[in-house]
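One structure is given below, encoded as structure tokens.
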Amino acid sequence: MTKTWAIACSLLVSLSLHSAVAMAEQDTLSEIVVTAQKREQNMQDIGVAVTALTLEDVRNLNITDGKDIAKIGPSVVIASTAGGSVAVNLTIRGVSQSDYSSTQESPNSIYLDEVYLASPNAANFQFYDTDRVEVLRGPQGTLFGRSSSGGLINYFTKRPTKESEGYAEVGFGAYQDQYLEAAAGGTITGDVRGRIATRVEQAHGWFENTAPGGRDTFENRFFGIRGQLESDLTERLNARISISLDNTPRERTGTYVVYPAYLVNGHPAFLPADVDAYGTGPGNDFSGYRNRGDDPLKAPFNNVGFYQARKVSPTLYLNYDAGAFKIASITNFTKFDLDYAEDCDGTSVNLCKFPISQNLKQYSQELRVFGTSGQLTWTAGVYLLDVQQYAVQSFQFPVYSGTPNAFSDVNTLNQNLFSYSAFDQLEWAFTPELTGIFGLRYTHDHKTIDSKLFFTELGSASGGTGAYDPPLLGYDFSGATVGDLSRESVGMVSGKAELDYRPVDDALIYGSVSRGVKGPGFNTNAGATLTNQATPFKDEWLIAYEMGSKLEFLDHRLRLNSDVYYYDRHRAQEYAYAGFNAVVSNYEGKFRGAEIELTAIPMDKLIVAFNASFMDTALYNVGTLYSGNQTQQSVMAPRRMWNGYVRKSFTLGEGEISLQWSFDYIGDRYASVENDIATLVPGSFEHNARIVYSIPKCGLEFAAFLDNISDTRRENFSFDTISYLGSITPSMGKPRWWGVSVRKSFGSH
């Protein structure tokens, strides 16, 4: 891997050096328009660390769902904890909260068409009819506010156009993957425009079940449809309504790789093949299981895992141009339903099962006003969010049913959140070269929870099997039992102060101080070991100091954006996995890092891109399970990341052929503040290739790709299950994957 990386670096440096010659016939880097400050601006003109992808970028990099975004920019990690299908948790610059519980919010928010997704489970969605993607790094506490102390991702879909246009695409790939995606839109009548888009996909499982009669898992079944109507109601008032339905029918999923493990001198270690630690045979875990194959994606396991989800989301957008100012209103209602179960032991023994369900309803309303007057540009607004959800999660150990070791519980959760905020951002141009920005936001969160845990079976050392019908109430965390402990009500202030300096054209130097916040919350008690006092955790805040530059050289053929930052985190909400309970606690911490994004066109029809990040995170006085109080790294915070691509196009007959190689490396990181070998997620390198032949005048495109060329076994997350399974259980990423597609576009394209 080191040799491959050195070759890639040498190639990129060489290409950049050659960009100074033979420029007469070269292309130039196009301007990228983003809405990072709630209005359209050139990405190079704003003092925010942004990674922006156009529709062309999304397609060229073969980004098909939310988890793929981690491969395209610095300091961004997306990890799916529970079996690879749910709890899609976003980490930006080491700011994370990777609890797999359905009711938790991330400190890094995810938006779809400017609508906040309150559940991390809802972030596991398929892309279709995508227009662009924006990744904002650093606190966005003024204009976005909701849980964006680390940053956010904003996904945008295509809007209706006046001209008739659309496309249809079919594809086929590895593991019987096949899909159809199509969209069409244009003027319906007069000032009314519309667009409809859909995607249907199914694929066989890629995690091979070698048990007799076993079925492969991690299938893909998806149907999505989105309809939009837009109209200029008057010369000043524009209205758009969008209704989307994303549906994943029941699909097989949810298992783990199993590495038998034990404790050596009180610390986790992998179990050698010749050591009988549990009396079940050399190299075996509690159940007598050991994966004896060379490939971790080929193993015997139970077929108890499944996933199904449904999201319905209507949104009304209103925009009014009053001349001196503009008003925007976004009204959304989202209903999200999830049913999921996993084989949490990852073996062919029916040892551990973890089913969850979630029923979520959220309503949000944003109203903002934007205006300019002389040297002043200002944005102000209010935001309301109401989230009501009911969730059930359970740990079951069927193999021990009817024995003194019997254990099965059910945790029911009713959690309600009502949040409101008001914000204002002012931009003052002191001179044509120097601009000052000041933003402030006040947010008030009111959150309540009713959490009850019932035992359906609980054995005892005296030999009782303890089957309960009706279930035995073992934990009651509600207003009736703990009073104000079940309610959190807090006001929080976030904002920023920034200076932007433009010494010459194509150069921006900026410095900022920002404050990011995230509201308080509650731990769940699926593992039956949580106390009342450990259930709530407090709100967090961080102060971020950042300096950066955005530069373009060689007549817009070389773009270099870079930044350095320092975070002072207070009451950081960080995740630990102890026993089989996920616990979020508050810690103090300090983070620092640097990022670089380079894009260049060194010769005609050749583009290269390289992104890198370096970070150091420290959480203080962390009470670990094995080592006492320690200074630890933040969860899912690799010290080094890099990614990029090289793309070359050639004219061939009536069309153009494009060849691309892309790569990404994610360094070692930890899935828990425990920071031990059991929760270590090893660094890994992946690279991909894509070839496209397009005939623009016919609107035809033929494409083929090969992802994960070296068939890297990339781990996404890792659980310490030594105490109750005698193993370490990581969740895995996809193996090598290939695909081909044909796309036909019509109208304006």
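The values are calculated or read from the model by the stated rules, or taken from the named source; none is laboratory data. Source: prediction; values computed, not measured. Neighbour counts are summed over all protein chains in view; Cβ atoms, including those assigned to glycine, are modelled from backbone coordinates with ideal geometry. Please note that ligands, DNA and RNA were not included when accessible areas were found on the heavy atoms of the full protein model with its side chains. Shrake-Rupley method; radii C 1.70, N 1.55, O 1.52, S 1.80 Å.
Listed values, structure above:
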quantity	calculated
Selected residue [closer than 25 Å to Ile92 by Cα, of a type outside the set (Val, Ile, Thr), modelled with pLDDT of 95 or more and in contact with a helix residue (DSSP H, G or I) (Cβ under 6 Å, 6 or more places away or on another chain)] from Phe614, Phe591, Phe610	Phe610
Residue match in the range 96-110 (condition: assigned to a strand (DSSP E or B), crowded, with 24+ Cβ neighbours inside 10 Å and among the hydrophobic types (A, V, I, L, M, F, W, C))	yes
Residue list for the range 677-687, restricted to those being open to solvent by less than 30 Å² (accessible area, probe 1.4 Å) and within 18 Å of Val257 (Cα to Cα)	Ala678, Thr679, Val681, Gly683, Ser684
Per-region count, the range 267-279, residues touching a residue at least 40 places away in the same chain (Cβ under 8 Å) and either open to solvent by 40 Å² or more (accessible area, probe 1.4 Å) or of a type in the set (A, V, I, L, M) (or both)	6
Test: residue in the range 223-240 that is under 26 Å from the mean Cα position of the chain (by Cα) and closer than 30 Å to Ser348 by Cα	no
Extreme residue, least open to solvent (accessible area, probe 1.4 Å), among residues of the range 246-266 that are more than 30 Å from Gln202 (Cβ to Cβ) and touching an Asp or Glu at 6+ places or on another chain (Cβ under 8 Å)	Ala261
Enumeration of residues in the range 446-488 that are without any contact (Cβ under 8 Å) to a residue 24 or more places away in the chain, assigned to a strand (DSSP E or B) and either open to solvent by less than 60 Å² (accessible area, probe 1.4 Å) or closer than 25 Å to Leu360 by Cα (or both)	Leu473
Residue, most open to solvent (accessible area, probe 1.4 Å), within the range 166-187, restricted to residues that are assigned to a helix (DSSP H, G or I) and in contact (Cβ under 8 Å) with a residue 40 or more places away in the chain	Tyr175
Residues being more than 29 Å from the chain's Cα centre (by Cα) and either in a loop (DSSP other than H, G, I, E, B) or basic (Lys, Arg) (or both) - total across the range 391-445	11
Subset of the range 63-73 (residues that are surrounded by fewer than 20 Cβ atoms within 10 Å (Cβ to Cβ) and either more than 12 Å from the chain's Cα centre (by Cα) or of a type in the set (Ser, Thr, Tyr) (or both))	Ile63
Selection count where residues are buried (at least 21 other Cβ atoms within 10 Å of the Cβ) and β-branched (Val, Ile, Thr), scope the range 503-523	1
Single match in Ala429, Ala422, Ala461 (criterion: at pLDDT below 95, farther than 18 Å from Leu530 by Cβ and hydrophobic (A, V, I, L, M, F, W, C))	Ala461
Any hit, the range 347-370, residues being among the small types (Gly, Ala, Ser) and either on the phi > 0 side of the Ramachandran plot or without any contact (Cβ under 8 Å) to a residue 12 or more places away in the chain (or both)	no
Identity of the residue in the range 489-502, out of contact with any Leu (no Cβ under 8 Å at 6 or more places or on another chain) and of a type outside the set (Ser, Thr, Tyr), that ends up surrounded by the most Cβ atoms within 10 Å (Cβ to Cβ)	Lys496
Qualifying residue in the range 126-137 (condition: closer than 21 Å to Leu384 by Cα, in a loop (DSSP other than H, G, I, E, B) and touching a strand residue (DSSP E or B) at 6+ places or on another chain (Cβ under 7 Å))	no
Wholly within the range 296-385, strands (runs of 3 or more DSSP E) carrying at least 2 residues that are acidic (Asp, Glu)	325-343
Check on Thr91, assigned to a strand (DSSP E or B), among the polar types (S, T, N, Q) and either open to solvent by 10 Å² or more (accessible area, probe 1.4 Å) or more than 23 Å from Asn411 (Cα to Cα) (or both)	yes
Residues satisfying the stated conditions in the range 664-716, i.e. within 23 Å of Ala572 (Cα to Cα) and free of Cβ contacts under 8 Å to residues at least 40 places away in the same chain	Gly667, Asp668, Tyr670, Leu680
Residue count, the range 119-130 (criterion: out of contact with any helix residue (DSSP H, G or I) (no Cβ under 6 Å at 6 or more places or on another chain) and modelled with pLDDT of 90 or more)	2
Given (1) closer than 27 Å to Ser119 by Cα; (2) assigned to a strand (DSSP E or B); (3) open to solvent by less than 70 Å² (accessible area, probe 1.4 Å), number of the condition Gln202 does not satisfy	(3)
Residue that is nearest to Pro160 (Cα to Cα) [pool: residues in the range 215-266 that are without any contact (Cβ under 8 Å) to a residue 40 or more places away in the chain and not in a loop (DSSP other than H, G, I, E, B)]	Gly227
